[in-house]
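In what follows, a structure is listed as C-alpha cells, so that the remarks can point back to it.
Bear in mind these aren't lab numbers, they're just calculated from the coordinates by the rules spelled out. The model shown is predicted, which means the values in this text are computed figures rather than measured ones. No Cβ is skipped: glycine too gets one built from the backbone with ideal geometry, and neighbour counts run over all protein chains shown.
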Amino acid sequence: MDPVEYSRKYGGKIQIIPKVPLKSYDDFAIIYTPGVAQVSKVIEADEDKSFELTSRGNTIAVLTNGTRVLGLGPIGPIAGLPVMEGKALLYKFLGGVDAVPLAVKADTVDEMLKIAEAIQPSFGGINLEDIESPMCFEVWERLLEKLKIPVWHDDQHGTAGAILAGLINAIKLTGKKKENVKVVLFGAGAANIRTAYVLIDYGFNPKNIILIDSKGPLHANREDIDRLMFVHKWKYELAIKTNGENAITIEDAFKGADILVAASKPGPGTIDKRWIMQMNDRPITFLLANPVPEMMPDEAKEAGAYIVATGRSDFPNQVNNSLVFPAVFRGVLDSKSIKVDDQIVIAAAEELARQAEIKGISENYILPRMDEWEVFIEEAASVADASARLGYARVKLSREEYREIAKHKIESSRKILNSIIQFIENGQ
C-alpha cells in the first residue's frame, strides 16, 4: 500500500488506550476523584514514586524540532511528525515502551533545553530525534547534566551502538584486534562523530581513526581548525585526537585501512571502488546511507570487501538503530536510571554482538535481525545491569531479575498489539 494512503487509512500509527479495567461505576472513584488524591499525596512526599504509581515509569518522549529528518533535511516539526509516530510504534512493538511523539517549534539550543526541562515531570526518559548537527551534541550534553531521567539522541547513540556491535563481530571474523585496526569514518555528522567517541571509549586507538567530512579528513593542521574550535567543538576535539598519520586526502585515509564506516550521503557513487581497493586485506565496509548505500554491496565485494553491511533489511548485515533503542530504553526504564551515556551504548552493543555470536557469526551474519525478538530481552537486561553497576539505577536488581521484568513487559506488549492487529484485520 502507498505510505500516504496507509497513513490516511489509519489516521496515523499510534493511539492511547487504558491499561486499567473499568468494570463498574465505583471504579471512577478510584481512577479519578476522590481516590486519585491519595496517589498525588504519596508522590508529593516522594517524587520518585511517580515511576511506579503513574505511567511515567514506562513512558518516554520522542522529541524533535524537525531540523534534520531522515534523508529529508530541515522539513520542520509538523512534517517530521510521521517519523516520530513510526519511532513510537517501534518502541512499543520491540521494547514494550510507551513513546509519545513531541514535534516542537524550537530553533535554538536554549529553546530545546527549556522544552525538555518543562516536560520532564511527565516522562521516564527522552529520545531526542532528527535534530541538526552540531545543535544535537550540545542539547544532549547539557540535558545529560540537567535532567534526572535518561536522555539520548538516537541518531548519535543508537547508530553508534549498532555500528559497534557489528564491528565487534566483524573484527573477530577477520582475526584482527581493535587496538590495531585503522578505521575510516566517512561522513562527520551525528552518527559518525558519536561512533568515534564510542569506539575510543571501547578501546580503539584514536590515532588509527580518521573522520572525513565534506572538506576531507579531519586533522590537527587543517586550515579551518581554528574556526572549528568555535563553531563545532566536537569536530575540533576529534581532529586533534584522531588521525595520527595526518592523512590529508581521502586516498591517504583509505590506504591500508581495515574498516570503513560510511554514514554520508546516499549513493550510488559516493564511495569510489578505487578507495576500497586501497584498503588492507579483508576490509570491513559499512555502507549505511539510506535509502541507497554509498556504494552497492556487490560493487564493494567486487572491489575486495570481505564483510559488507548496510542500513537496509534487503541486504545481509543490516546495521540499524532499531536493534538498539527499544532495548536500551526498556533497560533504563526498568532500572529507573537517571541517565544514558556512552558506557550504556557499549553495554548494549556488547550484548547485541554476543547474541549474534551465540547463533554463529559469518560474513553475512554479524548482527541479529530485528525479528529475533529474544535479543531485545537480553539486551534490555544487560543495559539495566550496566545502569546498576555504573551507579545510574534507582532500582538495583540482579541481571536475571531485570531480564524477567523485560521479558514480561515485552511479551505483554506484543500480546496486546497482536490482539489489536487481529481486531483491525477482522474489520471490527
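Across the stretch 135-283, the fraction of Cα-Cα pairs farther apart than 26 Å, rounded to a whole number, is 24%. One Cα centroid belongs to the stretch 227-252, the other to the stretch 102-162; the line between them spans 25 Å.
Mean sequence separation of contacting Cα pairs (under 8 Å, at least six apart), scaled by the length of the chain, corresponds to a relative contact order of 14 percent. Amide H contacts of residue 98 (H built 1.01 Å from N, in plane; Pro and chain starts excluded): 60 sit under 5 Å, all sequence-distant by 5 or more or on other chains.
Which pairs, out of 177/255; 273/359; 215/255; 172/407, put more than 25 Å between their alpha-carbon atoms? The partial results should precede the final answer.
Values: 177/255 18 Å; 273/359 32 Å; 215/255 18 Å; 172/407 30 Å.
In this structure, 273/359; 172/407 lie more than 25 Å apart at Cα.
If you take the square roots of the eigenvalues of the alpha-carbon gyration tensor of the stretch 324-425 and sort them as a ≥ b ≥ c, do you get rounded (a/c under 1.5), prolate (a/b over b/c) or oblate? Provide the component values of the computation, followed by the final result.
Working: a/c = 2.19, a/b = 1.14, b/c = 1.92.
It is oblate, given that a/c is not under 1.5 and a/b is not larger than b/c.
GNM remark for the chain: springs join alpha carbons under 10 Å apart, and the peak mean-square fluctuation among 345, 20, 261 falls on 20. From its DSSP helices (H runs of at least four residues, each -39,500 (n - 2.57)), the chain gives a residue-normalised ellipticity at 222 nm of -14500 deg cm²/dmol.
Taking packing as the residue-averaged number of other Cβ atoms within 10 angstrom, the listed peptides 66-79, 44-57 run from highest to lowest as 66-79, 44-57.
Taking only complete DSSP H runs, can you tell me which helices of the chain stretch 20 Å or more along their own long axis by Cα positions and average at least 0.0 on the Kyte-Doolittle scale? Don't skip to the answer; put the middle values down first.
Details: long enough: 77-95 (25 Å, 0.80); 154-174 (29 Å, 0.40); 342-359 (26 Å, 0.06); 374-389 (23 Å, 0.29); 399-425 (38 Å, -0.79).
Counting only whole DSSP H runs, the qualifying helices are 77-95, 154-174, 342-359, 374-389.
Using a Gaussian network model of the chain in which every pair of alpha carbons under 10 angstrom is joined by a spring, one finds that among 184, 319, 109 the greatest mean-square fluctuation is at 109. Taking amide H as placed 1.01 Å from N in the peptide plane, residue 260 has its amide H under 5 Å from the amide H of 184, 284, 285, 286, each at least 5 places away in sequence or on another chain. Of 358, 193, 366, which has the largest mean-square fluctuation in a 10 Å C-alpha GNM of the chain? Checking each option, the largest mean-square fluctuation is seen for 358.
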